[in-house]
Amino acid sequence: MAQGRGSALLVAMVMVVVVVVFHCGVVQAATFKVGDGGGWTFNMVAWPNGKRFRAGDTLLFNYNSGIHNVVKVNKAGYDGCSTPGGSTMYQTGKDQIKLAKGQNFFICNFPGHCGSGMKIAITAT
């Protein structure tokens, strides 16, 4: 009977180790409010500086949908403040967008807004 208890204890210890290892390997996705308290607005280019983004994190864009939008663009669209084919437009004023691994580019394509800094570039690991 003592051997049975020892086996049960060993199995229990192995299960605890497996659970701890699995739990430590799981990273919770974060949610970032773009522009923090000020929301999605002008002069946003530096907002990502100092933040660490991971694939699967969510960006929350809060803005007045009557005067702004969010467009996920490629690097050329970001650099040229243009909306190339294949871009995705969001217009709810409370958009939640998951980051893909690698580079992610967002602009407002209302006339003059991107040129006034209403754009962000984020690299997610």
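Nothing in this text is a laboratory measurement; each read-out follows from the coordinates by a stated rule. Quantities reported herein were computed from a predicted structural model and do not represent experimental measurements. Heads up, the Cβs are rebuilt from the backbone with ideal geometry, glycines too, and the neighbour counts pull from every protein chain shown.
Observations, loosely collected:
- Think of each Lys and Arg Cβ as +1 and each Asp and Glu Cβ as -1; about the Cα centre, that makes the dipole of region 30-124 roughly 280 debye.
- Positive minus negative residues near Lys98 (Lys, Arg vs Asp, Glu; Cβ under 14 Å): +1
- In this structure, Asn64 and Thr125 have a Cβ-Cβ separation that, at R0 = 25 Å, corresponds to a calculated FRET efficiency of about 0.20.
- Potential lengthening between Arg52 and Ala29 on full extension [0.36 nm per residue; Cα-Cα distance subtracted]: 7.1 nm
- Of the trypsin sites (Lys or Arg not before Pro) found in region 55-125, the ones in coil according to DSSP and having at most 15 other Cβ atoms within 10 Å of their Cβ are Lys101.
- Local electrostatic count at Tyr78 - Lys and Arg +1, Asp and Glu -1, tallied over other residues with Cβ under 15 Å: +2
- Virtual spin-label span in nm between Lys101 and Thr88, 7 Å along Cα→Cβ: 1.7 nm
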